[in-house]
Ligand code: AP5
Ligand code: ZN
């Protein structure tokens, strides 16, 4: 099963993707994580994308399509695309890349969350630098302050683009360039919508229901 999680910054794509990896053995492909890894490694790509990401703008289609292309051979039981595609050009490229390897997108799940909630989520988010677990100051704090529940690491981090200024740009980019994908996938007949404002477990259950109906 190959699925796309579609939704604005802070909708909960990464949070839900991590649960599906554990529960269904799917492989998460997050272009945001790949780009942050490139940045952390300080390689040429990382240097090119760092400033663009910090501002909250999209990096070029060419760069992210290249990153995805490298990974498509390693699917296991299927992929969860998290934060990709983000433009119509990326969606078309994904379609062709999947076809080349005899794969297809089974479902696109749109996570709906209003802007006020997104701002609260993004400004309270922190993640584990070691295992990637995602937390929130209010809605999902660690059990022991300063220590990751999942792996015990004390390397908890905040993202450079998780401030109100960059978030404004990220939201603008989403509504201008990414939201047209809702119509694109609706027309293909594989769009599903979930209420992303609900509790994490409730959202997860709604997504499970979509996935169960596919198989
Ligand atoms: P990316 O890393 O993809 O960021 P994003 O889309 O802005 O999404 P986020 O990771 O911010 O949010 P999320 O939906 O995963 O939410 P999360 O689960 O963390 O992209 C970053 C940048 O990289 C882009 O701006 C761009 O520059 C570049 N980029 C990446 N992909 C690209 C592409 N394809 N093309 C071009 N450029 C690209 O949850 C957020 C918070 O809310 C957490 O604290 C969490 O604990 C909490 N939370 C989650 N669910 C709930 C819930 N149900 N109730 C309450 N709290 C919740
Ligand atoms: Zn951890």
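Given the Cα atoms of the chain, and with Rh set as the inverse mean 1/r over their pairs in the Kirkwood sense, what is Rg to Rh to two decimals?
When Rh is taken as the Kirkwood radius, the ratio is 0.93.
What is the fewest-to-most order of 97, 45 by other Cβ atoms lying within 10 Å of their Cβ?
97, 45
If contacts are Cα pairs under 8 angstrom and at least 6 residues apart, what is the relative contact order of segment 1-127 in percent?
Value for segment 1-127: 47 percent.
Contact order normalised by length for the chain, with contacts defined as Cα pairs under 8 Å and 6 or more residues apart; what percent is it?
Relative CO of the chain lands at 29 percent.
Grab the eigenvalues of the alpha-carbon gyration tensor for segment 1-129, scale each by 5, take roots, and send me the semi-axes largest first in whole angstrom.
Sorted largest first and rounded, they come to 22, 19, 14 Å.
Determine, for 35, 211, the number of other Cβ atoms within 10 Å of each Cβ, and report the residues in order from fewest to most. List each step's numbers first, then the result.
Values: 35 22, 211 19.
Arranged by neighbour count, lowest to highest, 35, 211 become 211, 35.
Any idea what Rg and Dmax come out to for segment 53-131 if you just take the C-alpha atoms, in Å?
15.2, 41
What span do the alpha-carbon atoms of segment 172-215 cover on each of the three principal axes, reported in whole Å from largest to smallest?
Result for segment 172-215: principal-axis Cα extents of 30, 25, 10 Å.
For the chain, what does -39500 (n - 2.57) per DSSP helix run (n ≥ 4), summed and divided by total residues, give at 222 nm, in deg cm²/dmol to the nearest 500?
-14500 deg cm²/dmol
Determine the percent antiparallel among the DSSP beta bridges restricted to the chain, to the nearest 5. Walk me through the numbers before you get to the answer.
On the way: 6 of 22 bridges.
Restricted to the chain, the bridges split so that about 25 percent are antiparallel.
What distance in nm lies between label points placed 7 Å from Cα along the C-beta direction at residue 114 and residue 202?
According to this spin-label approximation, the distance is 1.4 nm.
Every number in this text was worked out from the coordinates using simple rules, so none of it is lab data. Small disclaimer: the values here were computed from a predicted structure and weren't measured. Glycine also receives a Cβ, built like all others from the backbone with ideal geometry; neighbour counts cover every protein chain displayed.
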